[in-house]
Structure formats: structure tokens, C-alpha cells
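Visitor: For reference, the structure I am asking about is given below.
The values are calculated or read from the model by the stated rules, or taken from the named source; none is laboratory data. Keep in mind it's a predicted model, so treat the numbers as computed, not measured. Because the Cβ atoms are built from the backbone with ideal geometry, glycine has one as well, and the counts that use them run over all protein chains shown.
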Amino acid sequence: MAKNVCAICGAEVNLFSGQQLADKNYICRKVCAKKCLKNFDFVPATLDEVRSHIEQVEKGTKAWNQIFIPLQKTKVKEEKLKRFGSDIYVSPSTGLMALVETRYKFIVFGKSQFACVYRIADLAAYEYEQEKVKNSEGKEETKHYCHLFFHNTAGLYDFRFNVSNSLEYKKLAEYFDKMFGIEKTLGNAMNNAKKQWAAIKDVAGAVKAAASGAEDAEAKAAQAAESVGNYLEGDRTELIAKADAALATVK
Ligand SMILES: [Zn+2]
């Protein structure tokens, strides 16, 4: 059997003790692969991506312990955490959210938690997914998932987690739509139409300025792009500032 070494710690690995990555590097299952969350998929990942994810988990676990754990006990209504499924915690007061993995140590009856912490403002998409699977008795059952995708994030930025049913996904979608100010209900159709109109006017202004060779064409175009972005995703400036301030306190 061919021998390989773990590209991170240098330990010797074989077919069973090593995990091969997309770029043909190996990492050891015993130590280095355990630094990754179970949501992380090694098969399409490169060594650089694994390193980014390990760093993300180290920082995220610190942020979880220093920011989220104290907030679990808060009596202040605005600071309370919102939980989706068993693994996702949202902290609206700090602009952060966490994917948490709890590992139980059977020998010492303790548990330890590992986390990736994200800026809520980087949440770019949330979608419902379902899959039919056969359970241990051979009966078909439906698994429900919520799929999340983050921008501006190195490491694990695209993953899904279990929810009990599609209604739980709907609650999550409504929660974030409201936070981002992108309610697509009929009650807000007028509001959205107005925002869209403002964005279109900005683009029209930029096109005109560019055509006439005006000096401020670049600034106008940048403002137009921001207006369209804000229309589609909501204005996230405040959320970004909150999240960066909170993350700066993590030691
Ligand atoms: Zn290793």
C-alpha cells in the first residue's frame, strides 16, 4: 500500500487513515480532519481551503465562547439569541450568527463545542431542500434541510443543516427577509416598487453621465450599483458595523 503524509501535520497516512483532497493532497483523519466541522466536504476542497476552514473554526469557536455563550443567559430582550434547527444561532444585537457542532465525549461524559461564526450581513442566500431517504427499517422518509450561502467568507461558506419541516425553513426565511428589509409580501409590494424605482433612476443617471463624459461618472455608477444591491439585499451597512465591532473584541 502506498504511503502518503498529511499535508498539515506530516503524519504518515494510508488509504484508511488519510483523506484525499481535490488537489491530491492528503490530510490525516485522526487529528487534522477533526479540526473541521462535519458540514465541511473534503472531496471538492483544496489544501488551502482546508487550512482556511481550520482557521475559521479556531476563530469561530473563540467567538462562540466569548460572545454567544454569555448571551445565552441574557435577560435583555434585544440581546436574546434566535435558534434555527439544532445548530444555527443568530445574535441580532451583535450582527453575528453561528453554526455550532457539539461533540460528546462518552468516556468523560462531557461535551465540547466547535463553531463557525459569520457576519449576518454576508448571508447571501437561504433555500429549502428536501430529500427522500430510506430509514433503518427500509421505509422511505423525507429529510428537510435549510441551505445557507455566505459571501466574503473563506472556509465553509456553503452548507445545509437539518430542520424538522418546511415550516421551520419558512420561519427562518421570514426572519431574515425582515431583518434585511426585503419583505416580498403583498403588504410591502408598494414599498419595494418605490425602492426599485429609486435604483433605476440612479442607473439612468449614471448612464447619462458616462455618455456625456462627466467627471463624476464613476461615482454615479458606484452609487447606482449600491442602490441596486440595496434593493436586492437590503441595506446591510449597520449590520456590518455591528458584526465587525463584536468580532474585534474576540481575543
Ligand atoms: Zn494531520
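Visitor: Which one of these is under 30 Å from residue 75 (Cβ atoms) and of a type in the set (Ser, Thr, Tyr): 153, 94? If you could, list the steps in order and put the result at the bottom.
Guide: Details: 153 fails: under 30 Å from residue 75 (Cβ atoms).
Criteria check complete, one pass: 94.
Visitor: Here's something else I'd like to know. If a residue must be more than 9 Å from the ligand (Cβ to nearest atom) and not in a loop (DSSP other than H, G, I, E, B), how many such residues does segment 19-29 contain?
Guide: Within segment 19-29, the first condition is being more than 9 Å from the ligand (Cβ to nearest atom), and the residues that meet it are 19-25.
Add one more test, that the residue is not in a loop (DSSP other than H, G, I, E, B), and what stays is 19-20.
Of the residues in segment 19-29, 2 are more than 9 Å from the ligand (Cβ to nearest atom) and not in a loop (DSSP other than H, G, I, E, B).
Visitor: If you go through segment 68-87, how many residues are touching a helix residue (DSSP H, G or I) at 6+ places or on another chain (Cβ under 6 Å) and either of a type in the set (A, V, I, L, M) or under 12 Å from residue 99 (Cβ atoms) (or both)? Explain how you work it out, then say what you get.
Guide: Looking only at segment 68-87, we keep the residues that are touching a helix residue (DSSP H, G or I) at 6+ places or on another chain (Cβ under 6 Å), and these are 71, 79, 81, 84.
If we keep only those that are either of a type in the set (A, V, I, L, M) or under 12 Å from residue 99 (Cβ atoms) (or both) too, we end up with 71, 81, 84.
The number of residues fulfilling the criteria is 3.
Visitor: Please find, within segment 198-224, the residue that is farthest from residue 90 (Cα to Cα) out of those that are modelled with pLDDT of 75 or more and of a type in the set (D, E, K, R).
Guide: Looking at residues that are modelled with pLDDT of 75 or more and of a type in the set (D, E, K, R), I get 208.
Visitor: Filter segment 46-67 down to the residues that are in contact with a Cys (Cβ under 9 Å, 6 or more places away or on another chain) and within 16 Å of the ligand (Cβ to nearest atom), then identify the one that is farthest from residue 4 (Cα to Cα).
Guide: By that ranking, first place goes to 57.
Visitor: Restricting to segment 30-45, name every residue that is surrounded by fewer than 16 Cβ atoms within 10 Å (Cβ to Cβ) and within 16 Å of the ligand (Cβ to nearest atom).
Guide: The answer is 30, 31, 34.
Visitor: Shifting gears a bit: In this structure, is residue 120 closer than 21 Å to residue 234 by Cβ and of a type in the set (A, V, I, L, M)? Reasoning before the result, please.
Guide: Details: closer than 21 Å to residue 234 by Cβ: yes; of a type in the set (A, V, I, L, M): yes.
Yes; evaluated as a whole, the condition is true for this residue.
Visitor: Which members of segment 95-148 meet the condition of being β-branched (Val, Ile, Thr) and under 16 Å from the mean Cα position of the chain (by Cα)? Step through it out loud before you land on a result.
Guide: Residues of segment 95-148 β-branched (Val, Ile, Thr): 100, 102, 107-108, 117, 120, 133, 142.
Scanning segment 95-148 gives 100, 117, 120.
Visitor: Here is a list: 227, 164. Which entry is crowded, with 16+ Cβ neighbours inside 10 Å, closer than 29 Å to residue 127 by Cβ and modelled with pLDDT under 95? Before you say what the answer is, go through the steps one by one.
Guide: Working: 164 fails: crowded, with 16+ Cβ neighbours inside 10 Å.
None of the other options fit; the residue is 227.
Visitor: Out of segment 59-78, which residues are of a type outside the set (A, V, I, L, M, F, W, C) and part of a loop (DSSP other than H, G, I, E, B)?
Guide: Within segment 59-78, the subset of a type outside the set (A, V, I, L, M, F, W, C) is 59-62, 65-66, 70, 72-75, 77-78.
If the condition is that a residue be of a type outside the set (A, V, I, L, M, F, W, C) and part of a loop (DSSP other than H, G, I, E, B), then 72, 73, 74, 75 are the ones that fit.
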